[in-house]
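The structure appears right after this line, and notes come after that.
The values are calculated or read from the model by the stated rules, or taken from the named source; none is laboratory data. This structure is a prediction, so every number in the text was calculated from the model and none was measured. Positions of Cβ are generated from backbone atoms using ideal geometry, with glycine treated the same way; all protein chains shown enter the neighbour counts.
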Amino acid sequence: MSEPSVINLLVVDRAKADIEHIVKTLRGNDYQVELTEADAGEAARNAIDYQPLDLVLLRVAEGLPTVAEIRLMVAESGQAIPLIALVDESAQQQHKPAHLLFEGADNVAPLADADHLLAVIRKELEQARLRRIGESFETRFKESENRTKALLENTQEAIAYIHEGLHAYANPAYLRLFGYEGKEDLANIQLLHMVPPTYRDALKSVLRRSIRSGKAIEPVELLGVRSNGTMFPIFLECAPTRMNDEPCTQIIVRDATPDKQAHNQQLEDLLKYDEVTGLYSRRFFLETLEIGHDGSLLYVLLADYATVRYNMGFEAVEQFAREAANLIKGLLSSEDIAAHFASGVFTIYMPAKSPADPKDLAERICATVAAHTFQILGKMFSTTCSIGIYKARSGEETTIQILSHADRACEAARQKGGNQVEIYVPPPSDKKGSVSPQDEAIIRMIREALTKKGHLSLLYQPIVSFETAEEARYKAYLQITDEEGGNLQPMDKVGAVAARYGAMGALDKWTIIRGLSVLMETQQAGTKPPILFLRISYNSILDKEFFDWLSKRVKESRLSGHHLVLEIKEDNAEEYFEEAKALRTRLRELGCGIALSHFGGKQNSERLLKEMLPDFIKLDGSLIEKLAKARDEQSRRSMATLAGQAQELNVRVVAAGVSTAPQMASIWQFGVTLVQGNMVAEAGAELDFDFKQYAS
């Protein structure tokens with residue numbers, strides 16, 4: 001074994017003689033020891049949090065921290081430090097090795113047996129070294145696998161993997177080449193069916209030669225058969241390989257059509273232009289914006305697009321979009337790039353060299369659309385549009401951020417009544433190098449709170465069920481106090497600033513670690529841990545390493561993942577939809593739940609519910625208050641539709657922020673039986689609520 005030259009060792013013990021005995025034993029066996037001593041819980045915690053440690057030795061004795069306490073400190077630090085429990089003769093009868101291992105020790109050694117202790121230390125150091133090597137290999141393997149998958153998915157070469165004659169994998173280029181929409185369409189189709197019967201013997205011969213030689217076979221010319229039955233000439237080459245530890249054959253297919261150049265041009269045009277309006281396609285527009293965006297973006301929303309679609313049908317809505325696009329085309333300069341971006345939405349990119357002024361163009365589009373009389377399927381009507389403008393800063397923002405800013409301005413114009421133009425102006429803190437003194441003070445306070453004990457804490461508010469008391473649920477609220485006098489700070493303001501500068505992710509992690517610690521303490525006390533609802537910010541949603549971090553913390557806690565429900569604000573789930581949906585999928589693998597908070601009352605709430613399929617939705621407090629005061633039937637119908645859709649999708653509904661009896665009565669009639677708010681109980685520092693008093 002290649003032993004480490006230095007051991008960073010923490011010994012938790014009060015007996016100086018025993019500590020010196022341990023150090024002397026290690027140094028006598030060619031170890032260099034960097035020693036840290038601790039004789040109390042606080043000193044041990046500081047060493048674990050701030051010292052680089054390879055090993056912790058804990059004397060099991062009265063007055064010293066327990067194994068469970070040290071294991072919790074290690075778990076909260078986010079490290080994987082081996083913990084060895086040391087027992088002397090007086091402790092061996094009281095503390096059995098099995099019990100110490102159950103409490104969290106990685107190994108147990110008698111203090112008086114130097115050889116035994118040395119063997120245990122060697123074993124744990126070697127296990128730690130192998131674990132680090134394994135994690136490194138796993139990380140590199142995943143990175144390599146992801147790179148390979150990305151190359152296969154994005155290459156223009158048509159590639160497939162064949163196992164026992166069937167398609168084990170086919171990349172998008174392969175599917176396009178043979179005219180299939182999805183990989184599932186090829187699941188039960190043999191490779192032999194991709195060529196006509198007269199060419200199947202030739203294909204079999206190529207495959208046999210490849211397998212026998214163990215090498216790639218030079219391309220052979222065959223005929224391919226597309227999904228619609230048409231045939232076309234192809235070049236096919238194959239090579240033996242492995243996929244998921246199973247032998248298979250890699251197939252590369254190239255189109256050998258003589259007029260391939262014309263075919264490719266036609267395909268390029270289909271990808272470049274929108275066939276309905278003749279404007280550029282969404283894909284081409286996004287690619288153009290990715291290359292360079294030093295200019296202005298106009299986001300144009302037609303007011304009556306949905307009405308035309310629902311009342312007159314798809315043929316009418318296509319004619320409507322085409323007619324509106326023609327109006328816009330006539331107002332653009334040759335430098336401007338316009339696209340049919342989505343249903344009822346046009347986007348226009350005006351580079352810096354465009355001769356027109358963005359606001360002037362937007363106002364002319366608004367006026368032109370409002371003055372035009374549309375004639376569709378024998379009916380005449382007029383409409384308006386809302387336009388949002390954002391001046392992009394090349395190199396500083398992503399394409400999605402630019403579109404989001406323009407969309408936000410467009411929504412502001414729509415909410416003001418439409419038929420007008422709004423320009424999105426970032427707040428001062430969004431501009432590089434212009435951080436306000438107030439924001440700097442808040443960021444400094446957050447950093448100090450994360451590094452000093454006692455400045456962060458959690459309060460717990462019960463979420464009661466009026467049907468059953470089998471599951472205890474709490475919403476955890478993060479509290480932060482400043483350096484001066486411990487004054488509580490408003491988390492809405494602090495959270496917004498922290499998220500803007502990327503600091504909210506660290507607060508999310510602190511909240512999760514503290515929540516898991518409380519659940520572990522509850523379980524160790526012999527009580528069934530409750531379910532905790534913990535909110536995470538968009539910093540965590542966008543953090544690609546967040547799930548791996550969370551997975552490790554849950555596994556270290558030895559708790560079931562179902563004890564955690566992560567809350568995401570509806571606005572964040574909508575703005576970062578792809579990332580939020582991917583996180584939801586991985587959370588399900590871990591057993592954790594997901595909830596959409598501040599939910600309902602927005603234009604796309606029902607669609608988001610159907611796409612995200614969360615475990616819970618927490619109704620927005622303003623929606624509940626509006627429902628309690630509403631006299632019209634529209635609010636009641638909207639609530640009934642939302643509650644019914646949630647029930648069909650097996651999504652639990654939580655009424656959050658309920659503070660009055662009328663609010664409770666207003667949601668009770670729709671079958672909402674999970675309630676959180678001051679009407680039930682205020683948030684407190686302990687998990688001591690009696691849930692049985694509310695169950696029927």
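Pick out the one residue from Glu521, Glu470, Glu448, Glu483 that is more than 20 Å from Glu567 (Cβ to Cβ), modelled with pLDDT of 90 or more, surrounded by fewer than 19 Cβ atoms within 10 Å (Cβ to Cβ) and not aliphatic (A, V, I, L, M).
Exactly one residue qualifies, and that residue is Glu521.
Scan the range 486-508 for residues that are exposed (fewer than 15 other Cβ atoms within 10 Å of the Cβ) and charged (D, E, K, R) and jot them down.
Asp492, Lys493
Restricting to the range 593-619, name every residue that is part of a loop (DSSP other than H, G, I, E, B) and crowded, with 23+ Cβ neighbours inside 10 Å. Before the answer, list the steps.
Kept after step one, since they are part of a loop (DSSP other than H, G, I, E, B), are these residues of the range 593-619: 600-604, 613-615.
Result: Gly600, Pro614.
With the requirement that a residue be at pLDDT 80 or above and acidic (Asp, Glu), what does the range 420-439 give you?
Within the range 420-439, Glu422 is the sole residue that qualifies.
Is there any pair linking a residue in the range 570-594 that is not assigned by TED's automatic domain parsing to the domain that holds Thr399 to one that is surrounded by fewer than 18 Cβ atoms within 10 Å (Cβ to Cβ) and aliphatic (A, V, I, L, M), with Cβ under 7 Å and at least six apart or on different chains, and which?
Taking only residues 6 or more apart or on different chains, the pairs are Tyr576/Leu542; Glu579/Leu542.
Read through the list (1) part of a helix (DSSP H, G or I); (2) within 30 Å of Leu26 (Cβ to Cβ); (3) not β-branched (Val, Ile, Thr), then give the number of the only condition that Ala105 fails.
(1)
Consider Glu89 carefully, then state whether it is among the charged types (D, E, K, R) and buried (at least 16 other Cβ atoms within 10 Å of the Cβ).
no
Which residues, counting only those in the range 33-47, are under 20 Å from Leu101 (Cα atoms) and buried (at least 21 other Cβ atoms within 10 Å of the Cβ)?
Within the range 33-47, just Ala44 meets the criteria.
Tell me which of these Ala338 doesn't satisfy, since it passes every other one: (1) at pLDDT 90 or above; (2) among the small types (Gly, Ala, Ser); (3) assigned to a helix (DSSP H, G or I).
Condition not satisfied by Ala338: (3).
Return the total of residues in the range 357-398 being outside any helix (DSSP H, G or I) and closer than 25 Å to Phe320 by Cβ.
18
Please verify whether the range 326-333 includes one or more residues that are among the aliphatic types (A, V, I, L, M), in contact (Cβ under 8 Å) with a residue 24 or more places away in the chain and touching a Lys or Arg at 6+ places or on another chain (Cβ under 6 Å).
Yes, the range 326-333 contains at least one residue that is among the aliphatic types (A, V, I, L, M), in contact (Cβ under 8 Å) with a residue 24 or more places away in the chain and touching a Lys or Arg at 6+ places or on another chain (Cβ under 6 Å).
Applying the selection to the range 47-62, what residues are under 32 Å from the mean Cα position of the chain (by Cα) and in a helix (DSSP H, G or I)?
Scanning the range 47-62 gives Ile48, Asp49, Tyr50.
Looking only at the range 73-102, which residues are among the small types (Gly, Ala, Ser) and touching a residue at least 24 places away in the same chain (Cβ under 8 Å)? Please lay out each step first, then the result.
Of the residues in the range 73-102, the ones among the small types (Gly, Ala, Ser) are 75, 77-78, 80, 85, 90-91, 98.
Residues satisfying the conditions are Ala75, Ser77, Gly78, Ala80, Ala85, Ala91.
Exactly one condition in (1) crowded, with 18+ Cβ neighbours inside 10 Å; (2) not in a helix (DSSP H, G or I) is false for Thr511; which is it?
(2)
Looking at the range 493-551 only, could you name the residues that are free of Cβ contacts under 8 Å to residues at least 12 places away in the same chain, closer than 20 Å to Gly684 by Cβ and of a type in the set (A, V, I, L, M)?
Correct list: Ala525 only.
Tally the residues that are surrounded by fewer than 20 Cβ atoms within 10 Å (Cβ to Cβ), at pLDDT below 90, in a helix (DSSP H, G or I) and touching a helix residue (DSSP H, G or I) at 6+ places or on another chain (Cβ under 7 Å), restricting the search to the range 571-589.
2
As an exercise: evaluate Gly417 against (1) surrounded by 13 or more Cβ atoms within 10 Å (Cβ to Cβ); (2) at pLDDT 85 or above; (3) assigned to a loop (DSSP other than H, G, I, E, B) and give the number of the one condition it does not meet.
Failing condition for Gly417: (1).
For the condition part of a helix (DSSP H, G or I) and free of Cβ contacts under 8 Å to residues at least 24 places away in the same chain, what is the one hit in Leu151, Leu177, Leu118?
One residue alone meets the criteria, Leu151.
Across the range 232-278, which residue is surrounded by the fewest Cβ atoms within 10 Å (Cβ to Cβ) among those that are closer than 17 Å to Tyr199 by Cβ and at pLDDT below 85?
This residue is Thr257.
Condition check: of a type in the set (A, V, I, L, M), modelled with pLDDT under 85 and surrounded by fewer than 14 Cβ atoms within 10 Å (Cβ to Cβ). Does Ala187 satisfy that?
Against the criterion (of a type in the set (A, V, I, L, M), modelled with pLDDT under 85 and surrounded by fewer than 14 Cβ atoms within 10 Å (Cβ to Cβ)), Ala187 qualifies.
Among what's in the range 313-342 and is under 12 Å from Thr277 (Cα atoms) and not hydrophobic (A, V, I, L, M, F, W, C), pick the residue that is surrounded by the most Cβ atoms within 10 Å (Cβ to Cβ).
Here the answer is His340.
Could you give every pair whose Cβ atoms fall below 6 Å, whose first residue belongs to the range 366-379 and is surrounded by 11 or more Cβ atoms within 10 Å (Cβ to Cβ), and whose second residue is among the β-branched types (Val, Ile, Thr) and in a loop (DSSP other than H, G, I, E, B), counting only separations of at least 6 or pairs across chains?
Ala370/Thr384
Hey, could you check the range 455-467 for residues that are of a type outside the set (A, V, I, L, M) and either modelled with pLDDT of 90 or more or in a strand (DSSP E or B) (or both) and say which is farthest from Leu687 (Cα to Cα)?
Ser465
So which residues in the range 180-222 are closer than 22 Å to Ala256 by Cα and either assigned to a loop (DSSP other than H, G, I, E, B) or not assigned by TED's automatic domain parsing to the domain that holds Arg242 (or both)?
Scanning the range 180-222 gives Tyr180, Glu181, Val195, Pro196, Ala216.
For the range 279-304, enumerate the residues that are surrounded by fewer than 21 Cβ atoms within 10 Å (Cβ to Cβ), in contact with a helix residue (DSSP H, G or I) (Cβ under 7 Å, 6 or more places away or on another chain) and assigned to a helix (DSSP H, G or I).
Arg283, Phe284, Leu286, Glu290 - these are the residues of the range 279-304 that are surrounded by fewer than 21 Cβ atoms within 10 Å (Cβ to Cβ), in contact with a helix residue (DSSP H, G or I) (Cβ under 7 Å, 6 or more places away or on another chain) and assigned to a helix (DSSP H, G or I).
In the set Ile22, Ile84, which member is buried (at least 16 other Cβ atoms within 10 Å of the Cβ) and under 40 Å from the mean Cα position of the chain (by Cα)?
Ile84
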